[in-house]
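Enquirer: Mind looking over this structure? Questions follow.
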Amino acid sequence: MVGAIPKFLTVDRASRATSPVLPRCSLPLRWHWVVLVALVVPLSFALVQCGKAPSAGMLAANTEGAKSRAKSRTSIDTFDDRFPQPQFADRFPTANESLLQVQRQVALVPQSRAERTEPVRVASLTPTLTLPRTEREELTTLVSMKSSAFPYFGTNPRSEEPFLNISKGDRKGHRSYGGRVYWQDETYSDSRVLVHVPETFDVRKPGVIVVFFHGNGATLERDVRDRQLVPQQISDSGVNAVLLAPQMAVNAADSSAGKFWQPGGFKRFIDESASHLARLYGDPKSAQAFANLPIVIVGYSGGFLPTAWSLEVGGLPNRVRGVFLLDAVYGELDKFASWIEKNRTGFFVSSYTRYTKRHDVELMQMLRDKGITVTESMDGSLRPGSVVFVQTPDGVTHRDYVTQAWTEHPVKDVLVKMAATPALTRLASAPSAGR
């Protein structure tokens, strides 16, 4: 036994010290210590290694391996094929599978923030409503709203058939266009909305409501907040803006629009949000101000469908002052073209990869045939009536597109360009006729 040897040696030394008659045997004692060291030293190394984190080199090797596997996948140009079931988990891993995601999540934990030294950009030069201002912190939270996309028990406007078209006992579900069945209680029952109110938001100054429609295979916390950093991009832009991001189909390869398919569905969603935003802002009287803010819709990937239907039948054509699509023109070209033609005072931006290039090129031609000027660069400023299409290089991936498109953090970039244009800021502050 390793623990018995030191005790034995101590007793042996004491007996020799008090018995001069016994002969000294120093050689066996040294060998005892040699044996002890030979046993203890390797054990100590093993214990030290047990609590040690992997080296940076090991992590880098794992990351490079993941990148090489991603590059080896074959890209297909249609929307349904880009989200096949066998590759679904690879395209949308959980937050725990990426060191980068964990770092971003930690960065979003509420903490004391340094006071901003740069001026805050606002969406107007003249306030339209004066309300008391209270000190508050930045707030990002989930709110359940009756008018959010789901649950939805209506029809699918494409087929005019019930959306929940599959049943198994008391359980109902929806068979997607790809043939997969998603159950209502798992995929289409989450009515929550991610709401973000930056600490610099001032309801006394005209601003905008940013509505973000996420893509396939997403959840609000894991993807919109922690991976795509949408709330952070809005705060970092310095624009006087708040965020509403409804949960669409939960973690599924499905772009169904739910209640946003219905006439007036988008208006009901925005109207209900006013009281929630006022409560989170800390001043219930500010609901009237939120009820009149202009709107910028951002649609990523599969978010093209609720975006298109909100523009077409949503009931708020005059309050939507900007549309920004992130690799999202997979269809509904007529709805986008119609809104652009009828809203020459707002702006439209579509950035795309090779996945959606064919549809973006088709939409550009449709607009040019209508006599609408199209720009293919984000270098210039956004103006009333701006229609911009920008292609991003092949190295940019669809999955990371919300944080890396033609530039890093494209949502932030578009908001900054919008707020920096005097004509757009004056337009955004004007009362909405007919809402």
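The values are calculated or read from the model by the stated rules, or taken from the named source; none is laboratory data. For clarity, every value in this text was computed on a predicted model and none was experimentally measured. Positions of Cβ are backbone-derived with ideal geometry, glycine not excepted, and every protein chain shown enters the neighbour counts. For accessibility, only protein heavy atoms count, side chains too; no ligands or nucleic acids. Shrake-Rupley method; radii C 1.70, N 1.55, O 1.52, S 1.80 Å.
Enquirer: For region 343-360, enumerate the residues that are modelled with pLDDT of 95 or more and farther than 21 Å from Val414 by Cα.
Expert: Arg358, His359 - these are the residues of region 343-360 that are modelled with pLDDT of 95 or more and farther than 21 Å from Val414 by Cα.
Enquirer: Still on this structure, please answer the following. With Val313, Val296, Val329 as the choices, which residue is of a type in the set (A, V, I, L, M), touching a Ser or Thr at 6+ places or on another chain (Cβ under 8 Å) and at pLDDT 95 or above?
Expert: Details: Val313 fails: touching a Ser or Thr at 6+ places or on another chain (Cβ under 8 Å); Val296 fails: touching a Ser or Thr at 6+ places or on another chain (Cβ under 8 Å).
Only one candidate passes the filter, namely Val329.
Enquirer: Out of curiosity, is Ala253 part of a loop (DSSP other than H, G, I, E, B), out of contact with any Cys (no Cβ under 7 Å at 6 or more places or on another chain) and open to solvent by 10 Å² or more (accessible area, probe 1.4 Å)?
Expert: Judged against the criteria, Ala253 is a match.
Enquirer: Of everything in region 401-416 that's β-branched (Val, Ile, Thr) and either out of contact with any Leu (no Cβ under 9 Å at 6 or more places or on another chain) or part of a loop (DSSP other than H, G, I, E, B) (or both), which residue is surrounded by the most Cβ atoms within 10 Å (Cβ to Cβ)?
Expert: For region 401-416, the residue satisfying everything is Val402.
Enquirer: Go through region 156-205 and count every residue that is within 28 Å of the chain's Cα centre (by Cα), part of a loop (DSSP other than H, G, I, E, B) and of a type in the set (Asp, Glu).
Expert: 3
Enquirer: Check region 261-272 and report whether any residue there is charged (D, E, K, R) and either under 18 Å from the mean Cα position of the chain (by Cα) or over 25 Å from Val313 (Cβ atoms) (or both). If you could, list the steps in order and put the result at the bottom.
Expert: Filtering region 261-272 down to residues charged (D, E, K, R) leaves 267-268, 271-272.
Imposing the further condition that a residue be either under 18 Å from the mean Cα position of the chain (by Cα) or over 25 Å from Val313 (Cβ atoms) (or both) reduces the set to none.
For region 261-272, residues charged (D, E, K, R) and either under 18 Å from the mean Cα position of the chain (by Cα) or over 25 Å from Val313 (Cβ atoms) (or both): absent.
Enquirer: Give me the helices (runs of 4 or more DSSP H) completely within region 262-365, filtered to those with at least 3 residues that are surrounded by 24 or more Cβ atoms within 10 Å (Cβ to Cβ), ordered by residue number.
Expert: 265-281, 304-313
Yes/no per residue for (1) of a type in the set (Asp, Glu); (2) open to solvent by 10 Å² or more (accessible area, probe 1.4 Å); (3) touching a residue at least 24 places away in the same chain (Cβ under 8 Å):
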site: Asp185; (1), (2), (3): yes, yes, no
site: Leu194; (1), (2), (3): no, no, yes
site: Val197; (1), (2), (3): no, no, yes
site: Ile209; (1), (2), (3): no, no, yes
site: Phe212; (1), (2), (3): no, no, yes
site: Glu221; (1), (2), (3): yes, yes, yes
site: Pro231; (1), (2), (3): no, no, yes
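Enquirer: As an exercise: evaluate Lys412 against (1) modelled with pLDDT of 95 or more; (2) under 30 Å from Pro157 (Cβ atoms) and give the number of the one condition it does not meet.
Expert: (2)
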